[in-house]
């Protein structure tokens, strides 16, 4: 009887060990798959960011160009002071567009976190305004398609 009990104990211990190994392997497989999905999502997000960034750059640069033309028209009409203001605005827009074009995801995330920590109220207000503007931009892009 003792021999049977030892055999059952050994069998149970072996099955427990096999189950532990199977669970460990399953956990490792899940980690690898999760990591792969995360990397794929990150790559897709980065590509979408680049596409969106390039589109925003193009639109802001177009607006800056239109403002430059408007400033030239104002100068021709004898409105130098107004032309200077519009020109300054166009320069700021162009500078903003260049800043957008040079951004990568990591630096943008880091700058956003830093800004949010240093000025939470301003960050929330800016986020709301940016959301409204982005919504309008996306809506107009969808209507244009």
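Bear in mind these aren't lab numbers, they're just calculated from the coordinates by the rules spelled out. Just so it is clear, the structure is predicted and the values come from calculations on it, not from any experiment. Counting neighbours? That spans all protein chains shown, and the Cβs are built from the backbone with ideal geometry, glycine included.
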Filter pass, residue 138 being within 19 Å of the chain's Cα centre (by Cα) and either in contact (Cβ under 8 Å) with a residue 40 or more places away in the chain or closer than 17 Å to residue 48 by Cβ (or both) = yes
Quick one: how many residues across region 72-104 are touching a helix residue (DSSP H, G or I) at 6+ places or on another chain (Cβ under 7 Å) and over 23 Å from residue 49 (Cβ atoms)?
-> 8
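Does region 40-53 include one or more residues that are in contact (Cβ under 8 Å) with a residue 60 or more places away in the chain, part of a helix (DSSP H, G or I) and within 27 Å of residue 139 (Cα to Cα)?
Quick first cut of region 40-53, residues in contact (Cβ under 8 Å) with a residue 60 or more places away in the chain only: 45.
From the residues that got through so far, the ones that are part of a helix (DSSP H, G or I) too are 45.
With within 27 Å of residue 139 (Cα to Cα) added as a condition, the list becomes 45.
Checked against the condition, which is being in contact (Cβ under 8 Å) with a residue 60 or more places away in the chain, part of a helix (DSSP H, G or I) and within 27 Å of residue 139 (Cα to Cα), region 40-53 yields at least one hit.
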Could you tell me whether region 60-69 includes any residue that is exposed (fewer than 13 other Cβ atoms within 10 Å of the Cβ), free of Cβ contacts under 8 Å to residues at least 12 places away in the same chain and over 22 Å from residue 138 (Cβ atoms)?
-> yes
Within region 99-128, can you find the residues that are closer than 20 Å to residue 64 by Cα, surrounded by 11 or more Cβ atoms within 10 Å (Cβ to Cβ) and without any contact (Cβ under 8 Å) to a residue 24 or more places away in the chain?
-> 99
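Results for (1) more than 44 Å from the chain's Cα centre (by Cα); (2) closer than 30 Å to residue 109 by Cβ, shown as yes or no for each residue.
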position: 13; (1), (2): yes, no
position: 21; (1), (2): no, no
position: 24; (1), (2): no, no
position: 49; (1), (2): no, yes
position: 66; (1), (2): no, no
